[in-house]
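Colleague: Let me give you the structure first, and then I'll get to my questions.
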């Protein structure tokens, strides 16, 4: 069964780039995209994704608030924060909100780090 992934970012270009990377893996499927946290909450309830890749800075509901909502309503859904802000304080806050991994949107190997984080969650799911 493929890993079902919801991509949440206010930038359409980022959503499309993440989708393109994810779709290179046959065992992964983008089940939906959301442009803000409010839409994402409804989509998580409807689609029940295995993983949510989410941004921190979004309108309506930010990434940390979204993570807390997802954790409350769908505790088995794993989350990866894909953000331009990846300081130690944010990582600590993200982990306490239920986020499994924080991946920076900057650096030479952005795609590699995001795909590695998804692969790690996929491997954890299959080992359980």
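Colleague: Can you sort 60, 44 by how many other beta carbons sit within 10 Å, fewest first?
Modeller: Working: 60 14, 44 22.
Ranked by crowding around the Cβ, least crowded first: 60, 44.
Colleague: Only counting other Cβ atoms within 10 Å, I'd like 123, 10, 55 sorted with the fewest neighbours first. Could you put the intermediate results ahead of the total?
Modeller: On the way: 123 11, 10 15, 55 26.
Ascending number of Cβ neighbours within 10 Å: 123, 10, 55.
Colleague: Just for the chain, what percent of DSSP beta bridges are antiparallel, to the closest 5? Each step should come with its number before you reach the end.
Modeller: On the way: 0 of 18 bridges.
Taking every DSSP beta bridge within the chain, about 0 percent pair in antiparallel fashion.
Colleague: Output the relative contact order of the chain, whole-number percent, from Cα pairs under 8 angstrom with separation of 6+ residues.
Modeller: Details: 217 pairs, mean separation 26.9, N = 128.
Relative contact order of the chain: 21 percent.
Colleague: While we're looking at this one, here's another question. By counting other Cβ atoms within 10 Å of each Cβ, how are 119, 101 ranked from fewest to most?
Modeller: Values: 119 14, 101 21.
Fewest to most other Cβ atoms nearby, the residues stand as 119, 101.
Colleague: Give me the mean projected area, in nm² to one decimal, of the convex hull enclosing the Cα positions of the chain. Working shown, then result.
Modeller: Details: hull surface 28.4 nm².
Reported value for the Cα convex hull: 7.1 nm².
Coordinate-derived values only; no laboratory data. What you see is a predicted model; the values in this text were computed from it and never measured. Because the Cβ atoms are built from the backbone with ideal geometry, glycine has one as well, and the counts that use them run over all protein chains shown.
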